[in-house]
Amino acid sequence: MLNKLRLLTPGPTPLPERVRLALAQDMIHHRKDDFHKIMARVEGALQTLFGTKEVVLPLASSGTGAMTAAAYSLFKPGEKVLVVEAGKFGQRWSEITQMRGLNVVKIIVPWGEAVDPNQIADTLNQDKDIRGVFLQISETSTGVLQPIPEIAEITRNTDVLLVLDGISAIGLSPCPMDALGIDCLLTGSQKGLMLPPGLALIALSARAWERASSIEPGCFYFNLPAERKKLAKNETHFTTPVNLICGLDVSLDMLLSDGLEKVYQKQWALTMLTRYGIKAMGLEFLAPKNFTWGITSIKLPEGVDGKQVLAIAQKKFGVCMAGGQDHLKGKIVRIGHMGWVDWSDVLAGLYALDQGLFEAHGFSGSRDYLEKAMAAYQTALTVEPGQDIPEVLVRS
Ligand SMILES: *Cc1c(COP(=O)(O)O)cnc(C)c1O
(Lines give C-alpha, C1' and ligand atoms only; values in the text may rest on other atoms or scores of the structure.)
Protein backbone atom coordinates (compact mmCIF):
# COMPACT_ATOMS: atom_id res chain seq x y z
CA MET A 1 0.00 0.00 0.00
CA LEU A 2 1.43 3.38 -0.96
CA ASN A 3 -0.82 5.38 1.36
CA LYS A 4 0.67 6.89 4.45
CA LEU A 5 -1.21 5.65 7.55
CA ARG A 6 -2.94 8.56 9.28
CA LEU A 7 -4.10 7.78 12.81
CA LEU A 8 -7.04 10.04 13.58
CA THR A 9 -8.00 8.04 16.64
CA PRO A 10 -8.39 9.04 20.29
CA GLY A 11 -5.12 7.35 21.11
CA PRO A 12 -2.68 6.11 20.21
CA THR A 13 -1.78 9.08 18.04
CA PRO A 14 1.03 9.68 15.54
CA LEU A 15 4.44 10.59 16.97
CA PRO A 16 6.77 13.44 15.95
CA GLU A 17 10.11 12.32 14.53
CA ARG A 18 12.00 14.06 17.37
CA VAL A 19 10.05 11.98 19.89
CA ARG A 20 10.61 8.73 17.98
CA LEU A 21 14.35 9.36 17.86
CA ALA A 22 14.41 10.03 21.60
CA LEU A 23 12.50 6.78 22.20
CA ALA A 24 15.02 4.87 20.09
CA GLN A 25 18.02 5.75 22.26
CA ASP A 26 19.78 2.98 24.17
CA MET A 27 18.96 2.48 27.86
CA ILE A 28 20.47 4.53 30.63
CA HIS A 29 20.13 3.45 34.24
CA HIS A 30 17.11 4.78 36.13
CA ARG A 31 18.96 5.13 39.46
CA LYS A 32 21.95 7.10 38.14
CA ASP A 33 22.75 10.77 37.56
CA ASP A 34 22.16 10.88 33.81
CA PHE A 35 18.57 9.82 34.37
CA HIS A 36 18.07 12.06 37.43
CA LYS A 37 18.86 15.11 35.30
CA ILE A 38 16.26 14.18 32.69
CA MET A 39 13.64 13.36 35.32
CA ALA A 40 14.19 16.73 37.07
CA ARG A 41 13.67 18.59 33.78
CA VAL A 42 10.59 16.51 32.92
CA GLU A 43 9.09 17.13 36.37
CA GLY A 44 9.37 20.92 36.01
CA ALA A 45 7.72 20.78 32.58
CA LEU A 46 4.93 18.50 33.86
CA GLN A 47 4.10 20.99 36.60
CA THR A 48 3.71 23.68 33.92
CA LEU A 49 1.53 21.35 31.81
CA PHE A 50 -0.73 20.47 34.77
CA GLY A 51 -0.72 24.03 36.16
CA THR A 52 0.38 22.90 39.60
CA LYS A 53 3.13 23.47 42.13
CA GLU A 54 2.55 19.94 43.48
CA VAL A 55 4.48 16.95 42.14
CA VAL A 56 3.30 15.13 39.02
CA LEU A 57 4.07 11.41 39.39
CA PRO A 58 4.87 9.15 36.43
CA LEU A 59 3.47 5.61 36.65
CA ALA A 60 4.38 2.74 34.32
CA SER A 61 0.87 1.87 33.14
CA SER A 62 -1.79 2.98 30.72
CA GLY A 63 -4.11 5.79 31.82
CA THR A 64 -6.41 3.41 33.68
CA GLY A 65 -3.52 2.70 36.07
CA ALA A 66 -3.62 6.31 37.23
CA MET A 67 -7.42 6.08 37.59
CA THR A 68 -6.87 3.01 39.79
CA ALA A 69 -4.16 4.78 41.79
CA ALA A 70 -6.57 7.67 42.47
CA ALA A 71 -9.43 5.50 43.68
CA TYR A 72 -7.16 3.28 45.83
CA SER A 73 -5.09 6.11 47.35
CA LEU A 74 -7.69 8.70 48.24
CA PHE A 75 -10.60 6.68 49.64
CA LYS A 76 -11.14 3.83 52.06
CA PRO A 77 -13.54 0.94 51.44
CA GLY A 78 -17.03 1.89 52.61
CA GLU A 79 -16.64 5.61 51.92
CA LYS A 80 -19.25 7.24 49.75
CA VAL A 81 -18.33 8.90 46.44
CA LEU A 82 -20.19 10.40 43.50
CA VAL A 83 -19.43 9.25 39.94
CA VAL A 84 -20.66 11.12 36.88
CA GLU A 85 -21.37 8.52 34.19
CA ALA A 86 -21.64 10.38 30.91
CA GLY A 87 -20.22 7.61 28.74
CA LYS A 88 -17.90 4.63 28.58
CA PHE A 89 -15.13 6.18 30.66
CA GLY A 90 -17.53 7.42 33.34
CA GLN A 91 -18.64 3.79 33.64
CA ARG A 92 -14.99 2.85 34.16
CA TRP A 93 -14.85 5.20 37.18
CA SER A 94 -17.85 3.34 38.60
CA GLU A 95 -16.20 -0.04 38.05
CA ILE A 96 -12.90 1.01 39.63
CA THR A 97 -14.46 2.73 42.65
CA GLN A 98 -16.81 -0.22 43.22
CA MET A 99 -13.89 -2.63 43.06
CA ARG A 100 -12.17 -0.51 45.72
CA GLY A 101 -15.25 -1.17 47.87
CA LEU A 102 -16.53 2.39 47.80
CA ASN A 103 -20.20 3.18 48.17
CA VAL A 104 -20.93 4.68 44.75
CA VAL A 105 -23.70 7.19 44.04
CA LYS A 106 -24.12 7.91 40.32
CA ILE A 107 -25.34 10.73 38.15
CA ILE A 108 -26.16 9.20 34.77
CA VAL A 109 -25.97 11.64 31.88
CA PRO A 110 -27.31 10.83 28.38
CA TRP A 111 -24.45 10.08 25.96
CA GLY A 112 -23.57 13.29 24.08
CA GLU A 113 -24.59 15.64 26.89
CA ALA A 114 -22.59 17.37 29.61
CA VAL A 115 -23.49 17.07 33.29
CA ASP A 116 -25.41 19.95 34.85
CA PRO A 117 -23.24 21.32 37.67
CA ASN A 118 -26.40 22.14 39.66
CA GLN A 119 -27.18 18.44 39.80
CA ILE A 120 -23.77 17.82 41.39
CA ALA A 121 -24.32 20.67 43.87
CA ASP A 122 -27.77 19.31 44.80
CA THR A 123 -26.49 15.76 45.25
CA LEU A 124 -23.65 16.95 47.51
CA ASN A 125 -26.06 19.12 49.51
CA GLN A 126 -28.48 16.26 50.04
CA ASP A 127 -25.82 13.76 51.07
CA LYS A 128 -23.11 15.09 53.33
CA ASP A 129 -21.41 11.67 53.48
CA ILE A 130 -20.08 11.99 49.94
CA ARG A 131 -16.29 12.37 50.12
CA GLY A 132 -15.33 12.64 46.47
CA VAL A 133 -16.57 13.40 42.96
CA PHE A 134 -15.18 11.41 40.01
CA LEU A 135 -15.60 12.41 36.37
CA GLN A 136 -13.90 12.88 33.03
CA ILE A 137 -12.81 16.31 31.85
CA SER A 138 -13.40 15.06 28.33
CA GLU A 139 -15.62 11.98 27.85
CA THR A 140 -13.86 10.40 24.88
CA SER A 141 -16.67 7.97 24.04
CA THR A 142 -19.04 10.87 23.26
CA GLY A 143 -16.77 13.85 22.57
CA VAL A 144 -18.19 15.93 25.43
CA LEU A 145 -16.18 18.47 27.43
CA GLN A 146 -17.53 18.74 30.98
CA PRO A 147 -17.98 22.16 32.66
CA ILE A 148 -15.02 21.66 35.00
CA PRO A 149 -14.55 25.28 36.25
CA GLU A 150 -18.19 25.34 37.45
CA ILE A 151 -17.89 21.91 39.09
CA ALA A 152 -14.58 22.80 40.77
CA GLU A 153 -16.22 25.93 42.14
CA ILE A 154 -18.71 23.66 43.94
CA THR A 155 -16.19 21.19 45.42
CA ARG A 156 -13.33 23.55 46.32
CA ASN A 157 -15.24 25.16 49.19
CA THR A 158 -16.25 21.82 50.72
CA ASP A 159 -14.20 18.85 51.94
CA VAL A 160 -15.22 16.83 48.88
CA LEU A 161 -12.26 15.84 46.68
CA LEU A 162 -12.59 16.45 42.93
CA VAL A 163 -10.93 13.62 40.98
CA LEU A 164 -10.58 14.19 37.24
CA ASP A 165 -9.69 11.83 34.42
CA GLY A 166 -7.98 14.25 32.04
CA ILE A 167 -6.71 11.54 29.70
CA SER A 168 -8.21 13.11 26.56
CA ALA A 169 -7.92 16.71 27.82
CA ILE A 170 -4.41 17.37 29.12
CA GLY A 171 -2.26 18.97 26.46
CA LEU A 172 -5.41 19.58 24.40
CA SER A 173 -7.55 22.12 26.27
CA PRO A 174 -6.80 24.29 29.31
CA CYS A 175 -7.33 22.78 32.77
CA PRO A 176 -5.07 24.57 35.26
CA MET A 177 -5.15 22.33 38.33
CA ASP A 178 -4.20 24.74 41.13
CA ALA A 179 -6.09 27.74 39.74
CA LEU A 180 -9.32 25.73 39.50
CA GLY A 181 -8.87 23.84 42.77
CA ILE A 182 -8.74 20.31 41.34
CA ASP A 183 -7.70 17.63 43.87
CA CYS A 184 -6.54 14.90 41.52
CA LEU A 185 -5.66 15.29 37.87
CA LEU A 186 -4.38 12.45 35.72
CA THR A 187 -3.58 11.55 32.14
CA GLY A 188 -1.99 8.92 29.89
CA SER A 189 0.85 9.25 27.40
CA GLN A 190 -0.88 8.25 24.15
CA LYS A 191 -3.34 11.12 23.60
CA GLY A 192 -2.37 14.78 23.91
CA LEU A 193 1.25 14.06 24.77
CA MET A 194 2.41 12.63 21.42
CA LEU A 195 3.91 9.50 23.01
CA PRO A 196 3.29 5.75 22.73
CA PRO A 197 0.99 4.17 25.33
CA GLY A 198 2.47 2.92 28.59
CA LEU A 199 2.96 5.94 30.84
CA ALA A 200 0.41 7.55 33.15
CA LEU A 201 0.79 10.82 35.06
CA ILE A 202 -1.02 11.86 38.21
CA ALA A 203 -0.98 14.88 40.52
CA LEU A 204 -2.70 15.51 43.86
CA SER A 205 -3.58 18.76 45.63
CA ALA A 206 -2.17 19.50 49.11
CA ARG A 207 -5.39 18.36 50.77
CA ALA A 208 -5.53 15.22 48.63
CA TRP A 209 -1.97 14.41 49.78
CA GLU A 210 -3.16 14.71 53.39
CA ARG A 211 -5.86 12.16 52.59
CA ALA A 212 -3.44 9.85 50.78
CA SER A 213 -0.97 10.01 53.69
CA SER A 214 -3.67 9.13 56.23
CA ILE A 215 -4.94 6.05 54.37
CA GLU A 216 -3.55 2.55 54.24
CA PRO A 217 -2.59 2.13 50.53
CA GLY A 218 -5.08 -0.23 48.86
CA CYS A 219 -2.64 -1.56 46.35
CA PHE A 220 1.02 -2.62 46.34
CA TYR A 221 1.92 -1.28 42.89
CA PHE A 222 0.06 2.05 42.87
CA ASN A 223 1.33 3.51 46.13
CA LEU A 224 1.36 7.26 45.63
CA PRO A 225 3.06 8.32 48.90
CA ALA A 226 5.88 5.86 48.12
CA GLU A 227 6.13 7.24 44.57
CA ARG A 228 6.30 10.79 45.92
CA LYS A 229 9.20 9.87 48.20
CA LYS A 230 11.15 8.47 45.24
CA LEU A 231 10.34 11.40 43.00
CA ALA A 232 12.07 13.70 45.52
CA LYS A 233 15.23 11.86 44.36
CA ASN A 234 14.16 12.07 40.70
CA GLU A 235 13.32 8.39 40.61
CA THR A 236 10.25 6.18 40.56
CA HIS A 237 9.39 3.48 43.11
CA PHE A 238 9.82 0.61 40.63
CA THR A 239 11.84 0.37 37.40
CA THR A 240 11.15 3.47 35.31
CA PRO A 241 10.01 3.17 31.68
CA VAL A 242 13.20 5.04 30.81
CA ASN A 243 12.58 5.47 27.10
CA LEU A 244 9.07 6.86 27.63
CA ILE A 245 10.50 9.45 30.03
CA CYS A 246 13.15 10.37 27.41
CA GLY A 247 10.35 10.71 24.83
CA LEU A 248 8.30 12.78 27.27
CA ASP A 249 11.28 15.09 27.79
CA VAL A 250 11.16 15.91 24.07
CA SER A 251 7.37 16.04 23.67
CA LEU A 252 7.07 18.44 26.63
CA ASP A 253 9.76 20.61 25.07
CA MET A 254 7.70 20.70 21.85
CA LEU A 255 4.45 21.47 23.71
CA LEU A 256 5.87 24.13 26.00
CA SER A 257 8.53 25.86 23.88
CA ASP A 258 6.09 28.42 22.45
CA GLY A 259 3.77 28.41 25.45
CA LEU A 260 0.73 26.23 26.16
CA GLU A 261 -1.57 28.90 24.77
CA LYS A 262 -0.27 28.05 21.27
CA VAL A 263 -1.09 24.37 21.82
CA TYR A 264 -4.67 25.21 22.83
CA GLN A 265 -4.96 27.60 19.87
CA LYS A 266 -3.97 24.80 17.48
CA GLN A 267 -6.39 22.36 19.13
CA TRP A 268 -9.24 24.85 18.98
CA ALA A 269 -8.51 25.55 15.30
CA LEU A 270 -8.45 21.81 14.47
CA THR A 271 -11.75 21.42 16.31
CA MET A 272 -13.31 24.25 14.29
CA LEU A 273 -11.84 22.81 11.07
CA THR A 274 -13.48 19.46 11.79
CA ARG A 275 -16.83 20.85 12.92
CA TYR A 276 -17.31 23.32 10.07
CA GLY A 277 -16.25 20.67 7.56
CA ILE A 278 -18.71 18.15 9.00
CA LYS A 279 -21.48 20.74 9.11
CA ALA A 280 -20.87 21.57 5.43
CA MET A 281 -21.07 17.86 4.62
CA GLY A 282 -24.58 17.95 6.06
CA LEU A 283 -23.85 15.68 9.05
CA GLU A 284 -24.80 16.16 12.68
CA PHE A 285 -22.81 15.98 15.91
CA LEU A 286 -23.33 13.66 18.86
CA ALA A 287 -22.25 16.56 21.10
CA PRO A 288 -23.70 19.70 19.48
CA LYS A 289 -22.71 21.82 22.48
CA ASN A 290 -20.02 21.26 25.14
CA PHE A 291 -17.68 19.55 22.71
CA THR A 292 -14.13 18.56 23.50
CA TRP A 293 -11.03 19.81 21.63
CA GLY A 294 -9.26 16.58 20.75
CA ILE A 295 -12.01 14.53 19.16
CA THR A 296 -15.22 15.14 17.21
CA SER A 297 -18.07 12.62 17.28
CA ILE A 298 -20.36 12.56 14.28
CA LYS A 299 -23.78 10.95 13.98
CA LEU A 300 -24.18 8.90 10.83
CA PRO A 301 -27.38 9.18 8.78
CA GLU A 302 -30.04 6.54 9.47
CA GLY A 303 -29.21 3.21 7.79
CA VAL A 304 -25.52 3.96 7.28
CA ASP A 305 -23.15 1.21 8.43
CA GLY A 306 -20.31 3.01 10.19
CA LYS A 307 -18.03 -0.03 10.11
CA GLN A 308 -18.17 -0.19 6.34
CA VAL A 309 -17.53 3.56 5.98
CA LEU A 310 -14.49 3.37 8.25
CA ALA A 311 -13.18 0.31 6.40
CA ILE A 312 -13.27 2.20 3.08
CA ALA A 313 -11.58 5.25 4.65
CA GLN A 314 -8.76 3.06 5.92
CA LYS A 315 -8.36 0.78 2.91
CA LYS A 316 -8.54 3.38 0.16
CA PHE A 317 -7.08 6.43 1.89
CA GLY A 318 -5.01 5.10 4.79
CA VAL A 319 -7.05 7.10 7.30
CA CYS A 320 -7.81 5.27 10.54
CA MET A 321 -10.72 6.77 12.48
CA ALA A 322 -12.73 5.43 15.41
CA GLY A 323 -16.30 4.21 15.53
CA GLY A 324 -18.73 4.28 18.45
CA GLN A 325 -18.67 2.18 21.61
CA ASP A 326 -21.49 0.09 23.10
CA HIS A 327 -24.93 1.13 21.80
CA LEU A 328 -23.26 3.64 19.43
CA LYS A 329 -21.30 0.93 17.56
CA GLY A 330 -21.72 1.51 13.83
CA LYS A 331 -23.80 4.63 14.46
CA ILE A 332 -21.14 7.29 14.97
CA VAL A 333 -17.68 8.12 13.70
CA ARG A 334 -15.14 9.72 15.98
CA ILE A 335 -12.41 11.75 14.30
CA GLY A 336 -9.47 12.18 16.63
CA HIS A 337 -7.48 15.39 16.22
CA MET A 338 -5.05 14.94 19.07
CA GLY A 339 -1.32 14.33 19.33
CA TRP A 340 0.94 14.93 16.34
CA VAL A 341 -1.96 15.68 13.98
CA ASP A 342 -2.25 18.81 11.87
CA TRP A 343 -4.72 20.44 9.48
CA SER A 344 -3.71 18.35 6.48
CA ASP A 345 -4.30 15.10 8.39
CA VAL A 346 -7.80 16.22 9.39
CA LEU A 347 -8.61 17.34 5.83
CA ALA A 348 -7.59 13.85 4.72
CA GLY A 349 -9.94 12.45 7.38
CA LEU A 350 -12.89 14.55 6.20
CA TYR A 351 -12.29 13.53 2.59
CA ALA A 352 -11.95 9.84 3.47
CA LEU A 353 -15.17 10.00 5.52
CA ASP A 354 -17.05 11.70 2.68
CA GLN A 355 -15.82 9.14 0.16
CA GLY A 356 -16.63 6.27 2.52
CA LEU A 357 -20.19 7.56 2.90
CA PHE A 358 -20.55 7.99 -0.85
CA GLU A 359 -19.13 4.60 -1.85
CA ALA A 360 -20.98 2.65 0.81
CA HIS A 361 -24.33 4.44 0.65
CA GLY A 362 -24.35 7.02 -2.17
CA PHE A 363 -24.53 9.71 0.50
CA SER A 364 -23.15 13.01 -0.74
CA GLY A 365 -23.20 16.37 1.00
CA SER A 366 -22.14 19.78 -0.31
CA ARG A 367 -18.96 19.85 -2.37
CA ASP A 368 -17.23 22.78 -0.68
CA TYR A 369 -16.75 21.20 2.75
CA LEU A 370 -12.96 21.12 2.50
CA GLU A 371 -12.78 24.85 1.69
CA LYS A 372 -15.19 25.64 4.53
CA ALA A 373 -13.17 23.50 6.91
CA MET A 374 -9.94 25.33 6.01
CA ALA A 375 -11.61 28.75 6.23
CA ALA A 376 -12.84 27.86 9.74
CA TYR A 377 -9.34 26.70 10.69
CA GLN A 378 -7.74 29.93 9.56
CA THR A 379 -10.38 32.05 11.28
CA ALA A 380 -10.09 30.06 14.51
CA LEU A 381 -6.37 30.79 14.62
CA THR A 382 -7.22 34.48 15.02
CA VAL A 383 -9.67 34.21 17.94
CA GLU A 384 -9.22 33.42 21.63
CA PRO A 385 -9.16 29.57 21.95
CA GLY A 386 -12.64 28.41 22.92
CA GLN A 387 -14.33 31.43 21.40
CA ASP A 388 -16.89 30.81 18.69
CA ILE A 389 -15.79 32.03 15.29
CA PRO A 390 -17.58 34.58 13.13
CA GLU A 391 -19.23 33.47 9.86
CA VAL A 392 -16.76 31.42 7.87
CA LEU A 393 -15.85 33.16 4.64
CA VAL A 394 -14.74 31.00 1.77
CA ARG A 395 -12.72 32.73 -0.94
CA SER A 396 -14.70 32.66 -4.19
C1 LIG B 1 -8.26 6.71 26.54
C2 LIG B 1 -8.98 7.04 27.78
C3 LIG B 1 -8.93 6.22 28.90
C4 LIG B 1 -8.26 4.87 28.90
O5 LIG B 1 -6.95 4.96 29.03
P6 LIG B 1 -6.02 3.65 28.88
O7 LIG B 1 -4.72 4.35 28.57
O8 LIG B 1 -6.54 2.82 27.76
O9 LIG B 1 -5.99 2.97 30.17
C10 LIG B 1 -9.58 6.62 30.04
N11 LIG B 1 -10.27 7.77 30.07
C12 LIG B 1 -10.37 8.57 29.00
C13 LIG B 1 -11.16 9.82 29.10
C14 LIG B 1 -9.72 8.23 27.82
O15 LIG B 1 -9.83 9.02 26.75
Next on the checklist: Just the residues that are surrounded by fewer than 24 Cβ atoms within 10 Å (Cβ to Cβ), part of a loop (DSSP other than H, G, I, E, B) and aliphatic (A, V, I, L, M), please, taken from region 138-181.
Outcome noted: VAL160
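Can you name the helices (runs of 4 or more DSSP H) wholly within region 1-87 that have at least 3 residues being away from the ligand (no atom under 16 Å from the Cβ) and surrounded by fewer than 23 Cβ atoms within 10 Å (Cβ to Cβ)? Break it down stepwise before answering.
Numbers: elements: 17-23, 33-50, 63-74.
Fully inside region 1-87 and qualifying: 17-23, 33-50.
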Checklist entry - Quick one: is ARG131 closer than 28 Å to ALA179 by Cβ and of a type in the set (Lys, Arg)? => result yes
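Quick grid of which residues meet (1) among the small types (Gly, Ala, Ser); (2) under 19 Å from LEU270 (Cβ atoms); (3) at pLDDT 95 or above:
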{"site": "LYS307", "(1), (2), (3)": "no, no, yes"}
{"site": "LEU310", "(1), (2), (3)": "no, no, yes"}
{"site": "LYS315", "(1), (2), (3)": "no, no, yes"}
{"site": "VAL319", "(1), (2), (3)": "no, yes, yes"}
{"site": "GLY323", "(1), (2), (3)": "yes, no, yes"}
{"site": "LEU328", "(1), (2), (3)": "no, no, yes"}
{"site": "LYS331", "(1), (2), (3)": "no, no, yes"}
{"site": "GLY336", "(1), (2), (3)": "yes, yes, yes"}
{"site": "ASP342", "(1), (2), (3)": "no, yes, yes"}
Checklist entry - Take the residues of region 107-147 that are more than 16 Å from the ligand (Cβ to nearest atom) and polar (S, T, N, Q): which is farthest from the chain's Cα centre (by Cα)? => result GLN126
Checklist entry - From the list GLY112, GLY132, which residue is at positive phi and either part of a loop (DSSP other than H, G, I, E, B) or among the small types (Gly, Ala, Ser) (or both)? => result GLY112
Checklist entry - Quick check: is even one residue across region 247-268 farther than 27 Å from LEU59 by Cβ, over 24 Å from the mean Cα position of the chain (by Cα) and either modelled with pLDDT of 95 or more or not assigned by TED's automatic domain parsing to the domain that holds SER141 (or both)? => result no
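Just to confirm my filter: which helices (runs of 4 or more DSSP H) fall fully inside region 182-258 and include at least 2 residues that are closer than 25 Å to LYS32 by Cβ, within 16 Å of the ligand (Cβ to nearest atom) and open to solvent by less than 40 Å² (accessible area, probe 1.4 Å)?
Details: elements: 206-214, 224-231, 242-256.
Hits in region 182-258: 242-256.
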Checklist entry - Within the bounds of region 117-132, is there any residue that is over 30 Å from ARG334 (Cα atoms) and at pLDDT below 95? => result no
Checklist entry - Quick check: anything in region 107-126 open to solvent by 60 Å² or more (accessible area, probe 1.4 Å) and within 22 Å of GLY63 (Cβ to Cβ)? => result no
Checklist entry - Do we find that GLY324 is at positive phi and not assigned by TED's automatic domain parsing to the domain that holds LEU195 in this structure? => result no
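Grab the helices (runs of 4 or more DSSP H) fully contained in region 300-396, keeping just those with 1 or more residues being farther than 13 Å from MET272 by Cα.
Details: elements: 306-317, 343-361, 369-380.
Counting at least 1 such residues, we get 306-317, 343-361.
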Checklist entry - Taking region 282-305 as the search range and keeping residues that are modelled with pLDDT of 95 or more and over 22 Å from the mean Cα position of the chain (by Cα), which one is surrounded by the most Cβ atoms within 10 Å (Cβ to Cβ)? => result LEU300
Next on the checklist: Taking the criterion of being among the aliphatic types (A, V, I, L, M), under 30 Å from LEU57 (Cβ atoms) and either without any contact (Cβ under 8 Å) to a residue 40 or more places away in the chain or not assigned by TED's automatic domain parsing to the domain that holds ILE38 (or both), would at least one residue in region 295-316 satisfy it?
Outcome noted: yes
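The values are calculated or read from the model by the stated rules, or taken from the named source; none is laboratory data. Since this is a predicted model, take the numbers as computed values, not measurements. Every residue, glycine among them, receives a Cβ derived from its backbone with ideal geometry; neighbour counts consider all protein chains shown. Quick note on the areas: whole protein, heavy atoms, side chains included, nothing else; ligands and nucleic acids left out. Shrake-Rupley method; radii C 1.70, N 1.55, O 1.52, S 1.80 Å.
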